[in-house]
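Engineer: Structure incoming, see below.
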Ligand SMILES: Cc1cc2nc3c(=O)[nH]c(=O)nc-3n(C[C@H](O)[C@H](O)[C@H](O)COP(=O)(O)OP(=O)(O)OC[C@H]3O[C@@H](n4cnc5c(N)ncnc54)[C@H](O)[C@@H]3O)c2cc1C
């Protein structure tokens, strides 16, 4: 059995996304990276294909597909353009899936059809200028007013899709975490809000330029300055953000891992082709032992990545926590492996590998983000070690 294509439906999905990516994503990847531009019309097109709401229920305009399907789409997009894939992930996983799993009926009916079609583009805002890994150290606050509305104050940093155009058009809707108090045990209480474009006090602080990689996705600082949000835009109950995060984080990490897999696959393919095309000392460079080490090790890593990504995906139930060990484990392993494989590809391709036209240098730059975003590799070390303390029996299962 091929665990990366466990059903006929998955095979068809992969073929459809691969063909569409080849035709539409691949030709624009180099230019959008070079110019640090986000291809908004192309992302919207994915709505027509039913991919923007891939994991959302069909009754709200989604495709109702599983974690394996989500991994397939991210792998295929990332094999061409990880920056574009990251924008897709921020929309479809960090916003759409979050709302589908955590929103109430009114919120889902009102917003999901808009984000599944691509009419609205969403983002998720957790990180701040002074806080990333230490989530509970956040300083953005939300205070309920006498009329029931919430007033949000603070800044969010590094938000993918935070701005949509060069003119600072903010995301149509943002999933925002804010501090709403301290609970009985003295712990920070965090709540989740849906902030929509046009709400007073919500704006783009700056588009962040000069990123190492993922330059085809827009990253922005968002400002909430006495931002007024209606009572009905609180998600769930006050203080529930940790539950929301738990329900979404595993799929987020799995799909980031699938992005690493796409990078690895493409880099392996590029170095393998090049090793036949290039000759030195009257022989193909693939005949040199040192080149064989790059190619051989990359193949073995790529196969291990693929097995771990799809094993985790096939065991994941959307909306339920429980696979953190593997969602952290697979992202930890694949992010560094993708970076190493991209590095090997540049080495095999020599000077050509070092320039944009040959793609692998872009993929190498993009791969680095996957060791940072969605949880740093150090946070995965910490979570895995903590979870193995609690459930050591899983090692021998
Ligand atoms: C291109 C890009 C896109 C992004 N998109 C989004 C987005 O859409 N939404 C969003 O909310 N965020 C986004 N982020 C932010 C990203 O999630 C954070 O950068 C990440 O969580 C790390 O936070 P930080 O940068 O504040 O680093 P810090 O948390 O300050 O970490 C700095 C270093 O300290 C280490 N460290 C911290 N705590 C510990 C610990 N307990 N033990 C060991 N080491 C530790 C870290 O591992 C890291 O090496 C994005 C970032 C980038 C660069």
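Engineer: Take the Cα of residue 187, step 7 Å along the line toward its Cβ, and report every residue of the range 291-330 whose backbone nitrogen sits under 20 Å from that point.
Structural biologist: 320-325
Engineer: Could you state the angle between the C-alpha long axis of helix 289-314 and the longest principal axis of the C-alpha atoms of the chain, as a value from 0 to 90 degrees rounded to the nearest 10?
Structural biologist: Around 30 degrees separate the two axes.
Engineer: What is the antiparallel percent of DSSP beta bridges lying wholly in the chain, to the nearest 5? If you can, show how the numbers build up before the last one.
Structural biologist: Working: 32 of 37 bridges.
Taking every DSSP beta bridge within the chain, about 85 percent pair in antiparallel fashion.
Engineer: So, one more: Give the order of 380, 74 when sorted by the count of other beta carbons within 10 angstrom, beginning with the fewest. Write down the numbers at each step before the final one.
Structural biologist: Working: 380 23, 74 29.
Ascending Cβ contact count within 10 Å gives the list 380, 74.
Engineer: What's the FRET efficiency of residue 382 with residue 293 using the Cβ-Cβ distance as r and R₀ = 22 Å, to the nearest 0.05? Walk me through the numbers before you get to the answer.
Structural biologist: Working: r = 32 Å, r/R0 = 1.48.
So the FRET efficiency works out to roughly 0.10.
Engineer: On to the next question. Helix 241-277 sits at what angle to the longest principal axis of the chain, using alpha carbons and giving 0 to 90 degrees rounded to 10?
Structural biologist: 20 degrees
Engineer: Can you sort 326, 225, 19, 66 from fewest to most other Cβ atoms within 10 Å of each residue's own Cβ?
Structural biologist: In increasing order of surrounding Cβ atoms, one gets 19, 225, 66, 326.
Engineer: Oh, and also: Using a basic spin-label model with each label point 7 Å from the Cα along Cα→Cβ, how many nm lie between residue 228 and residue 9?
Structural biologist: The modelled label-to-label distance comes out at 4.5 nm.
Engineer: So what's the angle, to the nearest 10 degrees on a 0 to 90 scale, between helix 67-80 and the longest Cα principal axis of the chain?
Structural biologist: In the chain, helix 67-80 runs at an angle near 60 degrees to the longest axis.
Engineer: Given a Förster distance of 22 angstrom, what is the FRET efficiency for residue 2 paired with residue 276, based on the Cβ-Cβ distance and rounded to 0.05? Please report the intermediate quantities before stating the final value.
Structural biologist: Details: r = 26 Å, r/R0 = 1.19.
Once rounded, the FRET efficiency stands at 0.25.
Engineer: With a point put 7 Å past each Cα toward its Cβ, work out how far residue 355 is from residue 389 in nm, to one decimal.
Structural biologist: 5.3 nm
Engineer: Applying 1/(1 + (r/R0)^6) with R0 = 35 Å to the Cβ-Cβ distance of residue 242 and residue 48, what FRET efficiency is obtained, to the nearest 0.05?
Structural biologist: Details: r = 36 Å, r/R0 = 1.02.
Using R0 = 35 Å, I get an efficiency of 0.50.
Engineer: Can you tell me how much longer the chain between residue 110 and residue 307 gets when fully stretched, taken as 0.36 nm per residue apart minus their C-alpha distance, in nm with one decimal? Each step should come with its number before you reach the end.
Structural biologist: Details: separation 197, 0.36 × 197 = 70.92 nm, distance 3.85 nm.
Gain on stretching residue 110 to residue 307: 67.1 nm.
Engineer: Give me the distance in nm between label points sitting 7 Å out from Cα along the Cα-to-Cβ direction at residue 315 and residue 146, one decimal.
Structural biologist: Between residue 315 and residue 146, the simple spin-label model gives 5.6 nm.
Engineer: To continue, here is another question. For the chain, what mean projected area does the convex hull of the alpha carbons give, in nm²? Intermediate values should be presented prior to the final figure.
Structural biologist: On the way: hull surface 81.8 nm².
Result: 20.4 nm².
Engineer: Now, a different point. Could you list 193, 281 in order of exposure, starting from the residue whose Cβ has the fewest other Cβ atoms within 10 Å?
Structural biologist: Working: 193 25, 281 7.
Listed from fewest to most nearby Cβ atoms, that is 281, 193.
Engineer: Give the separation of the Cα centroids, the range 283-355 to the range 35-106, in Å.
Structural biologist: Value for the Cα centre distance between the two parts: 23 Å.
Coordinate-derived values only; no laboratory data. Since we're looking at a predicted model, the values are computed, not measured. All Cβ positions, even for glycine, are placed from backbone atoms using ideal geometry, and neighbour counts span all protein chains on display.
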